[in-house]
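Coordinate-derived values only; no laboratory data. Everything numeric in this text was worked out from a predicted model, so none of it was measured. Ideal geometry is used to build each Cβ from the backbone, glycine not excepted, and the neighbour counts take in all protein chains shown.
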């Protein structure tokens, strides 16, 4: 039998406080956001590390995993980090550790891994129980001086231990290895850079504190000594080629925001008998090779890469992707441009230098500001280490002073120790010794009472005294401090210079080849013959092949053939409507010929009150003569009427009841125009103006009706037409005299034999 449990209430301890839900949520969200920004997502500008990476480095130092020592199981390292410093999941810690060891993820690895740490294909690392790790020389540079009071420590999450707030950071890790992260309301994305170039820029900034960002960059590399180059741009571990223009690179580093276009490195390889293949040896940073091949293969199967026949992966330890062209006649540059356009062989890496300034304030910094804060941190570390060393020297000098007193009074010291119950206070009173000096004398070994030892002590005393004077001079002079920092940075530059395998620049710079966008677009379309069919009611389709007989074409009931012509899938089809608009449609975009096609209004944004006048294959070198029903017209270059959008391009301005009637190609020097009233007029073509858009001028005058047909021709060759029986008639120059007149005149009745249709045929 269950008993109802009623919560207690009404007592003195029952305190219910009203809480403003909005305020409470805001406080908790703000606390979460700040925690994510400060302790998880954003790197510190001074050492370039996030908390998890810093804790991994600190734990590996405590485990004595130096480069000259043996490896330790990653599981042990992860356990140490999670148990003492980082109260999060072990997998997240291991993933961070793995990334620090991957040569394709980090430009200067901080962890030396042994075992399977993943690969550039995107495969994961082996489980942490199977892999081993230790620190690299770069990691030791970041930790240099941590035991010498170089940085502050704070209590860990459980207050049982201490962890560094920031590492000494003798290596410019933030820019050298880059960083990426997503915080709350902000993100960071910093590409890797060349350490030697960063050191050179830092040296320039030490010598010229007022230098601009442009002064810290090198556009043209040094002809003989690469170590003289300052920052040229990113230096990705996977190489590649940056194809951005110099102005955009400068602007990105000046503002701290921008992006870099990175292309794969490739070369053409001759395979004999005129055939060739393209070999990709470097791919953009952050791109998984297996995914790249998979996506390229998908595009290949979808027939979106008509210039490419096959893609193969022949990579071993290095990258080797083989791209086989469709034929030997394919232009290698056009092939690669099409691949850069559609695949991840070209990628864009963002730059957003949003970091924790001085470990406290998040902000977007420029290149100069990042280097400045790193150098200022190096100065703070130098001062703190110097003061720490000064304290150690003072302590040692104090002890050595006590030793000298003991040697000068050795017999008396022995007597006091043998006879006195409390020798320490007796010695302190007898020779005015400090507690430390007296304790040091009492702790001396008998072996140290040799006469020779006195000379060693005096020698050490003098050396430490001289060192103390140097350190005091260093702490008293700002110039000497910067001189020391300069010396340290120079040593670092020499250590990671261009002559070393690790320091050699991997990413190069080049201008993107200038290719006509239209040419590339056409090259990416498989060239096939088609027959374009336009019905009376405006239905379009493209039949495969060049049809000779149009009588077999079928249409919807009540519809019929308006016009049909041969084209290629790479051609552009221009459609002229009664509203005076031109629409541009790619022949490859036309529906197939299995059905009746599609209405043009589905393909382009054509008004319902308009109809198709004509359609034809685009020829950019050609000129067109446009005419309205009422006989207004002008000449327009065909290149000017190509529309880039579905909305089309207005060429002829017409107002109801007038409408666009004719569009014919221009050839010759005269115009022959015939009206619905069967009157013919011939006048020079030069009298018709050429314009890109407008109403035009009067071509022929009518009392009633409008234009029937127009033809341009060479007057000396004569005017020809065909009758209904397809017989050809030609009138020479002398025979056309009575019809030659001024533009805009009425003309005269057509000559004998002219077709009753009023068309030239």
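At what distance in nm do the modelled label points of residue 690 and residue 703 sit from each other, each positioned 7 Å from its Cα along Cα→Cβ?
Taking the two extended label points, one gets 3.8 nm.
Report, to two decimal places, the Cα Rg of the chain normalised by 2.2 N^0.38 Å (N = number of residues). Spell out each step's value before the answer.
Values: Rg = 42.4 Å, N = 761, 2.2 N^0.38 = 27.4 Å.
Rounded to two decimals, the normalised Rg is 1.55.
Return the Cα extents of the range 11-140 along principal axes one, two and three, sorted largest first, each rounded to a whole Å.
Cα extents, longest axis first: 66, 30, 30 Å.
Sorted from fewest to most neighbouring beta carbons within 10 Å, what does the list 434, 343, 645, 484 look like?
The fewest-first ordering by Cβ neighbours comes to 645, 434, 484, 343.
Taking N as the number of residues in the range 88-133, what value does Rg over Cα atoms divided by 2.2 N^0.38 Å take?
Cα-based Rg divided by the globular estimate yields 1.05.
If R0 is 60 Å, what FRET efficiency do you get for residue 159 and residue 414 from their C-beta distance, rounded to 0.05?
0.80
When a/c reaches 1.5 or more, the comparison of a/b and b/c decides; with that in mind, is the range 525-608 rounded, prolate or oblate per its Cα gyration tensor?
oblate
According to the square roots a ≥ b ≥ c of the eigenvalues of the Cα gyration tensor, what is the shape class of the range 138-192, taking rounded for a/c under 1.5, prolate for a/b larger than b/c otherwise, and oblate for the remainder?
Here the range 138-192 falls in the oblate category.
Calculate the FRET efficiency for residue 297 and residue 380 from the Cβ-Cβ distance with a Förster distance of 56 Å, rounded to the nearest 0.05.
Calculated transfer efficiency: 0.55.
Stick to Cα atoms and the Kirkwood definition of Rh, then tell me Rg/Rh for the range 265-344. If you can, show how the numbers build up before the last one.
Values: Rg = 12.0 Å, Rh = 12.8 Å.
My calculation puts Rg/Rh at 0.93.
Rank the residues 106, 364 as a footprinting-exposure proxy: fewest other Cβ atoms within 10 Å of their Cβ go first.
Neighbour counts put them in this order, fewest first: 364, 106.
Can you tell me the relative contact order of the range 139-217? Whole percent, Cα pairs under 8 Å, sequence separation 6 or more.
20
Rg and Dmax of the range 217-279, Cα atoms, in Å?
16.2, 52
Round to a whole angstrom and tell me the spacing of the C-alpha centers of the range 392-446 and the range 176-222.
The range 392-446 and the range 176-222 have Cα centres separated by 56 Å.
How large is Rg/Rh for the range 712-757, to two decimals, with Cα atoms and a Kirkwood Rh?
Over the Cα atoms of the range 712-757, Rg/Rh equals 0.97.
Bin width 5 Å, origin at 0, all Cα-Cα pairs of the range 619-761: what percent of pairs per bin?
2, 10, 19, 23, 20, 13, 8, 4, 1, 0
For the range 376-495, treating each Cα as an identical point scatterer without solvent, what Debye log10 I(q)/I(0) comes out at q = 0.09, 0.21 1/Å?
-0.39, -1.10
Rounded to a whole number of µm²/s, how large is the Stokes-Einstein D of the range 590-684 at 10 °C and 1.306 mPa s, given Rh as the Kirkwood radius over C-alpha pairs? Mind dumping the intermediate values first?
On the way: Rh = 15.6 Å.
The calculation lands on 102 µm²/s.
Compute the projected area of the convex hull of the Cα atoms of the range 301-408, averaged over all viewing directions, and report it in nm² to one decimal place.
Working: hull surface 63.5 nm².
For the range 301-408, averaging the hull's shadow over all directions gives 15.9 nm².
When the convex hull of the C-alpha atoms of the range 107-156 is computed, what volume per residue in Å³ does it have? Mind showing how you got there, number by number?
Numbers: hull volume 6.7 nm³, N = 50.
Taking the convex hull of the Cα positions in the range 107-156, it is 134 Å³ per residue.
Cα-based Rg (one decimal) and Dmax (whole number) for the range 166-233, in Å?
13.9, 47
May I ask you to sort 210, 571 by Cβ crowding, counting other Cβ atoms within 10 Å and putting the fewest first?
Placing the least packed residue first, the sequence is 210, 571.
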